[in-house]
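Single-structure report; data block below.
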Amino acid sequence: MSITGYQTFNLYDTIRVWQEVGVYDIILPFILVFTISFAILQKVKIFGKEAKNVNVIVSLVLAFLFLQNTYLIFILQRFLPNVSIIVIGSLMFLLLIGIFSGEHSGWSGTALNIAFIFSLIAIIVALSVDFFPTGDGSPYGFLSWFYQLDPTIQSMIIFGILIVLVISIVTREKEEKGFFDKVIEGIKKK
């Protein structure tokens, strides 16, 4: 209650009501799955160029079937906020680079490969809801097998990955386009 006797508007109450009526559990996942499915079907034109109605029906069916599996909804609700924080962190990093380096014409070569690898690792981390081990030493998530290894073996795995990365960067020809450059060019041609 405010001083005048009228109840004030509170956004926290609105969010709480949305949670109670299922906006986050039903409506938002439905909209997301429907939109992504429809956009992909429109882009790849599986059912032909003039099959918008079919694409809508298939997207609706996929979205409703997605809602049936509560485990997928749980994963989505944990995954997307993790991706959001990674995107925000990446944007802040790029903002700082832009401030100090000036105008940037685009990603190519080694920078594109590193950005792709970073994105892939970030997605794996975001998909792994409980990526880091808990305080009691019991690991959870995608890399639980890694935390169960002997620390010496963990160090050897990390060292091996670093060696492979360094060798691939050092021995790469300057004129040769990398794998990810070719993938990007293939996407642009379509």
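Fully extending the segment from Ala39 to Phe64, taken as 0.36 nm per residue of separation minus the present Cα-Cα distance, adds 7.4 nm. A full extension of the chain between Gln148 and Leu11 corresponds to an added length of 44.9 nm, given 0.36 nm per residue minus the alpha carbon distance. Once the C-beta distance of Val21 and Ala51 is scaled by a Förster radius of 41 Å, the resulting FRET efficiency is 0.75 to the nearest 0.05. For Ile121 and Ile75, the difference between the fully extended length at 0.36 nm per residue and the C-alpha to C-alpha distance is 14.8 nm. Taking the Cα centre of the range 1-68 as origin and assigning +1 to Lys and Arg Cβ atoms and -1 to Asp and Glu Cβ atoms, the resulting dipole is close to 440 debye.
For the pair Val83 and Ile158, label points projected 7 Å from Cα toward Cβ lie 2.8 nm apart.
Among Ser155, Ser59, a tally of other beta-carbon atoms within 10 Å of each Cβ gives an order, fewest to most, of Ser155, Ser59.
Every number in this text was worked out from the coordinates using simple rules, so none of it is lab data. This structure is a prediction, so every number in the text was calculated from the model and none was measured. Ideal geometry is used to build each Cβ from the backbone, glycine not excepted, and the neighbour counts take in all protein chains shown.
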